[in-house]
Amino acid sequence: MDFLGTVLFPFEWLVSWIMFLFHEGFSFLGMDPASGWTWTLSIVGLVVVIRTALIPVFVKQIKAQRGMQALQPDLRKLQQKYKGKTDQLSRQAMTQEQMALYKKHGTNPFAACLPILIQMPFFFSLFRVLNGVSRASEEGVSIGALQVDSVRQFDDATIFGAPLSSTFLGSFGADGNISVIILSLLMIVAMTASQFITQKQIMAKNMSEEAMQSPFMRQQKIMLYILPLVFGIGGINFPIGVLVYWTTTNIWTMAQQFYVIRKMPTPGSPAAKAYADRRAKKGLPAVPLLGERKTEPAIETVPEQRVQRVQPQRKKRKKR
C-alpha cells in the first residue's frame, strides 16, 4: 500500500461503511439491492451524513468570514502604517499586529477554507473506492467495508445504462458506452453550473460594498470562473458515482447559501437590506446581524455652566 493509500485507508473504510449501511437500509425498505439507484441513493446518503456533520464547521466559517470583513478597516490602517517599510523588524511587527487583530475579532484567514479541506479526504477516498471497484471485482477482493459480494454488485450496478464505476475517458474505444459519455457530460455540467451559481449568488447578493472594492474580491472574481473550469476538466476522469457525490454536495451548498443569504445576510450587503425591508413590511423590529460591528452609544455631554464668583462685600462702618 502506498503512502496516500495508508493515509486515506481510515477514510476509505468509513466512506464504504456509510454507503454499505445506507444500501442495507434501502434494501430493507424494499429496493432492489442490485439496482444502481439503490447504490446512487447510498452515495446521496453519504453526502447528507458528511454535510450534516459539517454544519458546526460551516457556522464557524461564516463567523470567520464576517470577522474578516469586520477587521478590513483595521487591516488597511495597519498596511498604511507599515507602507514602504521592508526591513525584517517592521515585517515582524506587522505580522504580530495582524495576529493580534485576528485574535481580537476571533477569526483567522484559514477558517473560511475548513469545510472544503475537511471534505477533501472523503472525496479522494470515495474516488479511490469507486475507481478500484472494477479491479477488486475481477480479483475477488473487498474494498474497505464492502465485502466481495457487495463489490461485485456495485460493479454491475447501472443508472440509465451507465455503470456507476465507469468514467467519461474510459468509455471511448471498441467497448465504449454512449450512456456513460452522455450521463457524464450532463453530470459535469450540473456539477460546474451549481458551483458557479452558488459563488455568483454570494458575490451578487451577500457581500458588502466595502468587500466588493477590496483586492481580495478581484481574486474571487477570477476564481469564480477558474474553479468550475478545473472541476469540469477533472470531471472527465471521475467515475459516475463520484460525479453523483460532487453534484449532490454542490446542490447542498447552493441550498445552504440560499438559506444564509435569506436568513443570515452579511451586514452592509444587498441581502441585508432586503432582509431589513422584509422585517419592516411585517412590522418586526430590526435585529443585529451575525458579524455586525457594534457601535458604541454616543454619550451626551452636558456643557459646563460657568458660575460667576460672588465678590465679598465690605461691611459699612458706622460714622462717628
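The values are calculated or read from the model by the stated rules, or taken from the named source; none is laboratory data. Small disclaimer: the values here were computed from a predicted structure and weren't measured. Using ideal geometry, Cβ is built from the backbone for each residue, glycine included, and neighbour counts are taken over all protein chains shown. Side chains are part of the model used for accessible areas, which takes the heavy atoms of the whole protein and leaves out ligands, DNA and RNA. Shrake-Rupley method; radii C 1.70, N 1.55, O 1.52, S 1.80 Å.
Results, tabulated for the structure shown:
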| quantity | calculated |
| --- | --- |
| Residue of N250, N108, N206 that the Gaussian network model of the chain assigns the largest fluctuation, springs spanning Cα pairs under 10 Å | N108 |
| Degrees, to the nearest 10: 178-205 long Cα axis against longest axis of the chain | 0 degrees |
| The stretch 127-252: relative contact order as a whole-number percent, Cα under 8 Å and 6+ apart | 31 percent |
| Max mean-square fluctuation residue, GNM over the chain, Cα-Cα springs under 10 Å, options D277, D149, D87 | D87 |
| Over the chain, relative contact order from alpha-carbon pairs under 8 Å, at least 6 apart, % | 19 percent |
| Note, ³J(HN,Hα) from phi for the stretch 267-279, Karplus 6.51, -1.76, 1.60, rounded to Hz, x at Gly and Pro | x, x, 8, x, 5, 5, 5, 5, 5, 5, 5, 5, 5 |
| Tilt relative to the chain, helix 72-81 - C-alpha long axis, 0 to 90 degrees, to 10 | 70 degrees |
| Candidates V151, V141, V133: whichever shows maximal mean-square fluctuation once the chain is modelled as a Gaussian network with Cα springs under 10 Å | V141 |
| Acute angle (nearest 10 degrees) that the helix 55-70 long axis makes with the longest principal axis of the chain, alpha-carbon atoms | 40 degrees |
| Read-out Cα Rg over 2.2 N^0.38 Å, derived from the coordinates shown; its label in (1) 1.37; (2) 1.54; (3) 1.05 | (2) |
| The chain - mean residue ellipticity at 222 nm from DSSP helices (-39,500 (n - 2.57) per run, n ≥ 4, rounded to 500) | -22000 deg cm²/dmol |
| With every protein chain in place, the chain: carbon and sulfur % of accessible area (1.4 Å) | 61 percent |
| Summed side-chain charge close to I226 - residues other than I226 whose Cβ falls under 14 Å, Lys, Arg +1, Asp, Glu -1 | +3 |
| Computed label-point distance, nm, for sites M203 and A276 using a 7 Å Cα→Cβ extension | 2.6 nm |
| Probe 1.4 Å, accessible area per residue of the chain, Å² | 65 Å² |
